[in-house]
Each structure stands twice: as structure tokens, then as C-alpha cells.
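K.L.:
The structure follows.
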Amino acid sequence: INAEYGEHHNEMQVRVSALRLVMAALLGMVALVFVLLWDQLPVENLDDSLDARKRSWLPDELRRPEPTEPELHPHPPMEPEPHRAELKPRNTGCFVAKTQEDCCRAIDSRFEIHGPPYFGGSHCVPAASGGKFRTGNLCEPEAWVLTHQRSMMGSCEEEGRAKTLAEVIAGQNPARARASDVPDLNLMWVTDCKLELEWSSVLLLWSAFGVGQPGDFTRIATGCESSSARKYVLDTMATVAAMFNAQQRVTVHFAPGHDTDERDGTKGEKYSPYSKPYGVLHFLENGRPLNRVGVILDPDFIFMRPLEYRMDRVESNAVIPGKLTKDWQHDVRDGRPVAQQYGLGTSWRRYELELSLIHI
């Protein structure tokens, strides 16, 4: 009996499996026919082909709009640049130019060597302020400079007229002349002129305006020797500010580069985080902001909600104070700052303390 039952059971399983395959094939054929018929429907009359009662449930955003002819704007022809020519012989790089004048007349012709990416066809640009790129060359292709060392890119168009960073710093005006319309907060962050910090600064400013963060905003840009790089920084911040009609609230303050210090005992070793405290100090001493409270941010911050700095208005269950924190429910005032707790804690106080004391 068990044997007969097993044979009958196996036969039923085979039949069920075959039936499933047939049903799957039929469904596939139906779907294919549906797709073919759908492609034959006139797209421009798709809404008209549906019964009004059946499409009444469609939300407005899903209804097909009336087709409109796009307004064409012919692209103007590119202006010829008779003063530039490809370097000869072919596959010659911008680095052969030894003067700014020669660099601004040249176009890289390396179409088959030193790549990919190949720099053939890229305009040659000089280093800013008569300096040199990190390759040791005065002249490099624009495509390379924009990717690797944009902060040192000079400008052929402004040759002879571009101000140096020192001249720009000397000509900067204080952030505000009057205190009557100055908000309580000034939110500031320090960058250089590298492209990655452009994107983070845009996101920081955009997110702050997006959540309704009150106050002024100051981007402190350090070590921007290139006039074109400085213009890019100004244009970027102005673009974001204009999106929120907040041009009067956004300031760019240029400061000298500061990546080494003779007092740290490293014999000139470069340490880029120095630019943050020295950049802020330069802004406070030269920009002379009149805001009551200054907020120091990092350029990779993103605002999820407005910043609350009045700790006397914060509920105690919303704060996780440090073990040594006492009397934290106060407004920010001289001698009473507020800061976000950070994972490093106060370990910096014990870092080579004796060496630090020697060089103070």
C-alpha cells in the first residue's frame, strides 16, 4: 500500500509541476501581447483613449500634459582664440612653456602620450603669483590644474591686473559697518580653495538656509593665491545666498594660508588644521564682526534643524552633559561658551605636555 501511495503521490507532483509551467507560459504570453499592444497606442492621445470615468482617480501630477514645442535657442558659435595655438611637435606638453606669456598662448598637444586621461586640446594656464605648481613647472594644462591644484591656478585673462592675495586681504572691509541690523549669531567655517571644499561649503550653507537657521554666515577661505580660485569661491557662495534671497547674510573672508608654525617644534612640518584657528583669528581681528555670538563649524557639517545655543532655553532631558559639566543651563556670554561634546574629550591636555610647555 505504501509503495502504491508513493507512486501515486509522485505522479501528482509531476502533474502539478507541469500545470504550473503551462500557467507561467500563458501568463508570459499575455504580458507580451499586452506590451506589444501598449506600444501601438498613440502616446499623444493616450488620455483620450481612456474612459473618463476610469481615469478620474488619477492624480493631477500623473495626467499627461499637453505636448508643447520646445523653444530652441541656437548655441552661439565659440569665439576663436587667435592668440593660442597647439604646441609643436605633436604630443608636446604645457610644461615646456617657461614664461607666463608663452603659457597663455599655448594649447597642450599630448593626444597619445601621458594618459589616459590625455591633455591634448586643453588650454595651458600659468601658476598664480609667479609661482610654480607642485610638479615644479610654471605652466600646466587647465584640465590637470582644475583636478589637482586649482588653488594655484593663475589667469591669462587677468594678466597684469589680478590682485595678489595680500592685496585682497588688505582691501577687505569689516563685515558690517553698523550694529543696528546685526543678528545675534555669526556662523563661520574655514576652508581653502580646493574643489571638494566647495561642494561641502555649498551643502552646509544650503542646508542651513533650508532649515531656517538665523544669523550671519562667514566662509573663511585661506591661502587662495589664485585670482580665479577666489572668484570661484565668491561666485559659489553668492549663488547659494541668492537662492534664498540672503545675499546680505553671507560673507567670504580671505585669510593667509597658515599650515606650519615655528613654535610647535616640528622644524617646519606642515599641518593643515592650523588654518582653522589662525583663519578664525584673522577674521575676528580684521573682519571685526559685531555679532554677539560666534559659532565655529567644520565645512562638512549639515544642518538638520536650527542650532540652539541658548542653553537656558533647552530642556534638561535633551542634553547629555559630560561627567565634569556643571551649571550648563546658561546663555552664551563672555567666559561661558557652549560646545558639542566630542569623542576626543580632554586628552589633548596630556599630549606631550612637557614639550608644549617648553615652546610656549
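K.L.:
Tell me, what % of the accessible area of segment 95-135 is carbon and sulfur with a 1.4 angstrom probe?
P.N.:
Of all accessible area on segment 95-135, carbon and sulfur atoms account for 56 percent.
K.L.:
Along segment 258-275, what does the Karplus equation 6.51 cos²θ - 1.76 cosθ + 1.60 (θ = phi - 60°) give for ³J(HN,Hα), rounded to whole Hz, x for Gly and Pro?
P.N.:
8, 10, 8, 8, 5, 8, 8, x, 9, 6, x, 5, 7, 9, 4, x, 4, 5
K.L.:
Still on this structure, please answer the following. For GLU308, what accessible area in Å² do you get when you roll a 1.4 Å probe over the heavy atoms of the protein chains, rounding to the nearest 10?
P.N.:
Approximately 80 Å² of GLU308 is accessible to the 1.4 Å probe.
K.L.:
Please list, in chain and number order, the residues 5+ apart from THR222 or on another chain whose amide H is under 5 Å from its amide H, with Hs placed from the backbone.
P.N.:
THR191, ASP192, ALA255
K.L.:
Are there chymotrypsin sites (Phe, Trp or Tyr not before Pro) in segment 243-344 that DSSP marks as loop and that have at most 11 other Cβ atoms within 10 Å, and which are they?
P.N.:
In loop regions of segment 243-344 (DSSP not H, G, I, E or B), the sparsely surrounded chymotrypsin sites (Phe, Trp or Tyr not before Pro) are TYR342.
K.L.:
Still on this structure, please answer the following. Points 7 angstrom from Cα along the Cβ direction at HIS83 and ASP327: gap in nanometres?
P.N.:
With each label point 7 Å from Cα toward Cβ, the separation is 6.7 nm.
K.L.:
Now for a separate question. Can you tell me the length gained on complete extension of the stretch VAL96 to ARG15, counting 0.36 nm per residue apart and subtracting the Cα distance?
P.N.:
So the extension gain works out to 21.1 nm.
K.L.:
Output wanted: per-residue J couplings in Hz (rounded whole) for segment 214-225, from phi through Karplus 6.51 cos²θ - 1.76 cosθ + 1.60, θ = phi - 60°, x for Gly and Pro.
P.N.:
Listing the rounded values in order: x, x, 8, 10, 10, 9, 9, 9, 10, x, 8, 6 Hz.
K.L.:
Which far-off residues, 5 or more places away or on another chain, put their amide H under 5 Å from the one on ALA106, with H placed in the peptide plane?
P.N.:
So ALA106 has HN proximity to ALA85, CYS124.
The values are calculated or read from the model by the stated rules, or taken from the named source; none is laboratory data. In this text the structure is predicted, and so the values were computed from the model without any measurement. So basically every Cβ, Gly included, is an ideal-geometry build from the backbone, and we count neighbours across all protein chains shown. For accessibility, only protein heavy atoms count, side chains too; no ligands or nucleic acids. Shrake-Rupley method; radii C 1.70, N 1.55, O 1.52, S 1.80 Å.
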